[in-house]
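Worksheet for the structure shown next.
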Amino acid sequence: DTGVSQDPRHKITKRGQNVTFRCDPISEHNRLYWYRQTLGQGPEFLTYFQNEAQLEKSRLLSDRFSAERPKGSFSTLEIQRTEQGDSAMYLCASSLASPDRNQPQHFGDGTRLSIL
Amino acid sequence: AQKITQTQPGMFVQEKEAVTLDCTYDTSDPSYGLFWYKQPSSGEMIFLIYQGSYDQQNATEGRYSLNFQKARKSANLVISASQLGDSAMYFCAMRAGGSYIPTFGRGTSLIVHP
């Protein structure tokens, strides 16, 4: 179990630029989640994949955000035309089934995005 | 709709003492699960403990226990014999019914004093 891996750990970019983050879930996990966390807040759900299918997206997710999970393995989250308000920690989590006692979500260390 | 409320922004406890972190929830679904996660300053979210709505007993995992009061819709985390390494943010989360996605509260910052 190598854990959930996220890359990069930190990203600093100018407003208006596009950024892409990658998440590699635990290999046998077919469910993958993206969350956003701002300072002093809990993780806020962005989107959810089961295998390669994107089954749910938050209504808070603007059309500047897009996520993919080709072949049901790693996932990418892209933000186009970044804005100051996009500055946050982006967390990826995975699970083998619907989260419960035996199958909790496993989180990566996150990607911290700073918009200049 | 699911809602998780953590009303304590910050808590302080003396080393070796016990501390209770509050969590209340709201759902109309009779089937749900409650999670507690720890997030140290390094950022990773660490799963601590789970309570299912149909569980007959309160969950325990080592020094962590869950004071589950279903009628009051509360699921408070109790940490016994606090250690300096327990200093972190603590998040309560809930997954209800057919939803695949846990919803998180705003968290409580715990500081353990020597």
I'd like the residue in the stretch A:87-113 that is at the interface with chain B (Cβ under 7 Å from one of its Cβ atoms) and among the charged types (D, E, K, R) and, out of all such residues, is nearest to the chain's Cα centre (by Cα). A:109
Checking residue A:47 against (1) part of a loop (DSSP other than H, G, I, E, B); (2) surrounded by 14 or more Cβ atoms within 10 Å (Cβ to Cβ), the condition it does not meet: (1)
Filtering the stretch B:58-98 down to residues that are assigned to a loop (DSSP other than H, G, I, E, B) and crowded, with 19+ Cβ neighbours inside 10 Å, which residue is farthest from the other protein chains (Cβ to nearest Cβ)? B:82
Output yes when any residue across the stretch A:56-64 is surrounded by 13 or more Cβ atoms within 10 Å (Cβ to Cβ) and in contact (Cβ under 8 Å) with a residue 40 or more places away in the chain, and no when none is. no
When only residues in the stretch B:33-47 that are touching a Lys or Arg at 6+ places or on another chain (Cβ under 8 Å) and surrounded by 20 or more Cβ atoms within 10 Å (Cβ to Cβ) count, which is nearest to the other protein chains (Cβ to nearest Cβ)? B:45
Against the condition more than 10 Å from every other protein chain (Cβ to nearest Cβ), farther than 25 Å from residue B:92 by Cβ and without any contact (Cβ under 8 Å) to a residue 24 or more places away in the chain, how does residue A:68 come out, does it pass? yes
Taking the stretch A:73-95 and keeping only residues that are farther than 23 Å from residue A:16 by Cβ and surrounded by 16 or more Cβ atoms within 10 Å (Cβ to Cβ), one is left with A:74, A:75, A:91, A:92, A:93, A:94, A:95
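Read the figures in this text as sums done on the coordinates, not as results from a lab. Remember, predicted model here, so these are calculated numbers, not experimental data. Methodologically, a virtual Cβ is constructed for each residue, glycine included, from the backbone with ideal geometry; neighbour enumeration extends over all protein chains shown.
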